[in-house]
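Have a look at the structure below, then the notes.
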Amino acid sequence: MEAVTPHLVLAPDAVIDLQLHTTYSDGTWTPEQLIDHLISEHFGLAAITDHDRVDTVASLQRLAVEKQLPLLAAVEMSASWRGEPTDVLCYGLDPEKNELNNLAQDVLRRQQENTRQVCENLRNIGISFPDQHQLDALLAKPSAQQPHALVALLKKQGYGTGETSAGQLITDAGFSWATTDIAVVVDAAHRSGAVCLIAHPGRGEGYTCYDVHLLDELRQEVPIDGLEVYYPAHTPEQIAMYLEYAHKHDLLISSGSDSHGPDRKPIKYRAELSRSLLERVGVQVK
């Protein structure tokens, strides 16, 4: 299957969004709702980058073909560098044959193990839930959904509404995000024909917040291909810094809203902002 519509040519002012999420990971858009929204808003190209869901890329591609929306084959992998979260956007993978799926399935397995352990630790401090049915339902969810679903379940049962939040309860009970070392992710992506960009490098909020010095150090260790320069949480100063850095080091540039649902809709970025990335994955911008 092609990673995107063959021979796609976009005008420089065509609108794109290269980081979107659905119910396949932790979004509230169904794939159909999101694609229909993108079509109604006249997007020329998009990338659905559900967290660690390589197994759903092919079905998303088929749906997009049916609805006639050009869609890049993509995934956001939960990675870490020096022990800190650093998500990676991978574009242009082969949906049917790649080395990222094994990593994604391992993330799911480890997140399930963590969910089980957190629930056991909660029971040990007197929070007598979830029952087996609730636990099975939690473990059946995508890895990125599991902690959010557990927090919601705690609140529904009346826990975590006082001085200690539900989020703090699961943190104290040993919750942690399952991640894969960034060097392993990048190597698997490259072996799968994909390119790898650091997602929201300036976001912070628990993720590594990169400055020029950290980017230099990362690039000495890992052959990343680019940066998500255009991102809603980036300040104008950060965008200027990442843009200058990308141009200086010949890195690819991505533009993504990180939309997870209708409450935070996709952003209409101009295709020319990510020309280098698009052309690398076979999309002409002219």
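Where a number appears in this text, it was derived from the coordinates with a stated rule and is not lab data. The structure presented is a predicted model; accordingly, all values stated were derived computationally and were not measured. Positions of Cβ are backbone-derived with ideal geometry, glycine not excepted, and every protein chain shown enters the neighbour counts.
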TODO: Using R₀ = 41 Å, calculate the FRET efficiency as 1/(1 + (r/R₀)^6) where r is the Cβ-Cβ separation of Asp211 and Gln284; round to 0.05.
DONE: 0.75
Open item on the list: Under a Cβ-only charge scheme (Lys and Arg +1, Asp and Glu -1), can you give me the dipole magnitude of the stretch 1-61 about the Cα centre, in debye to the nearest 20?
Closed with: 100 debye
TODO: About the Cα centre of the chain, how large is the charge dipole given +1 on each Lys and Arg Cβ and -1 on each Asp and Glu Cβ? Please answer in debye to the nearest 20.
DONE: 420 debye
Task: Order of Tyr269, Tyr242 - criterion: other Cβ atoms within 10 Å of each residue's Cβ, fewest first - done: Tyr269, Tyr242
Open item on the list: Above 13 Å lies some portion of the pair distances; for the stretch 1-66, what is it as a whole percent of all C-alpha pairs?
Closed with: 65 percent
Task: Most mobile of Thr235, Thr164, Thr86 in a GNM of the chain (Cα contacts under 10 Å) - done: Thr164
- [ ] Can you check what the net charge comes to around Pro201, using other residues whose Cβ is under 10 Å from the Cβ of Pro201 (Lys, Arg +1; Asp, Glu -1)?
- [x] -2
Task: Above-threshold pairs, the threshold being 31 Å between Cα atoms, out of Lys248/Lys268; Lys155/Lys268; Lys156/Lys268 - done: Lys155/Lys268; Lys156/Lys268
Task: Most fluctuating residue given options Gly167, Gly27, Gly92, as computed from a GNM of the chain linking Cα atoms under 10 Å - done: Gly167
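When you count, for each residue, the other Cβ atoms within 10 Å and take the mean per peptide, how do 128-136, 107-115 rank with the highest first?
Working: 128-136: 12.1, 107-115: 18.7.
Put in order of decreasing packing, that is 107-115, 128-136.
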Open item on the list: Test of understanding: ordering Leu138, Leu100 by Cβ neighbours within 10 Å, fewest first, what list do you get?
Closed with: Leu138, Leu100
TODO: Using only Cα positions of the chain, each an equal point scatterer, no hydration layer, compute I(q)/I(0) via Debye at q = 0.07, 0.09, 0.10, 0.16 Å⁻¹ and quote the log10 values to two decimals.
DONE: -0.26, -0.43, -0.53, -1.26
Task: Value of [θ]222 nm, deg cm²/dmol, for the chain, DSSP H segments ≥ 4, -39500 (n - 2.57) each, nearest 500 - done: -12000 deg cm²/dmol
Task: Cα pair distances exceeding 20 angstrom across the stretch 87-158, given as percent - done: 39 percent
Open item on the list: Can you compute the charge dipole magnitude of the stretch 104-172 about its Cα centre, using +1 on each Lys and Arg Cβ and -1 on each Asp and Glu Cβ, nothing else charged? Give it in debye, rounded to the nearest 20.
Closed with: 140 debye
TODO: For the stretch 159-255, count all C-alpha to C-alpha pairs, find those more than 15 Å apart, and express that count as a whole percent of the total.
DONE: 67 percent
Task: Cβ-based charge dipole, the stretch 223-286, positive-most Cα from Leu278, Ile224, Pro236 - done: Leu278
Task: Label-zone membership for the stretch 158-182, site Ser128, 7 angstrom Cα→C-beta point, backbone N under 20 Å - done: 158-161
Open item on the list: Give the lysines reachable from Lys265 as a straight Cα distance under 20 Å; neighbours fewer than 8 places away on the same chain don't count.
Closed with: Lys67
Task: Choice from Asp52, Asp187, Asp250 showing the highest fluctuation, given a GNM over the chain with Cα pairs closer than 10 Å - done: Asp250
TODO: Output the antiparallel fraction of DSSP beta bridges having both residues in the chain, as a percent to the nearest 5.
DONE: 45 percent
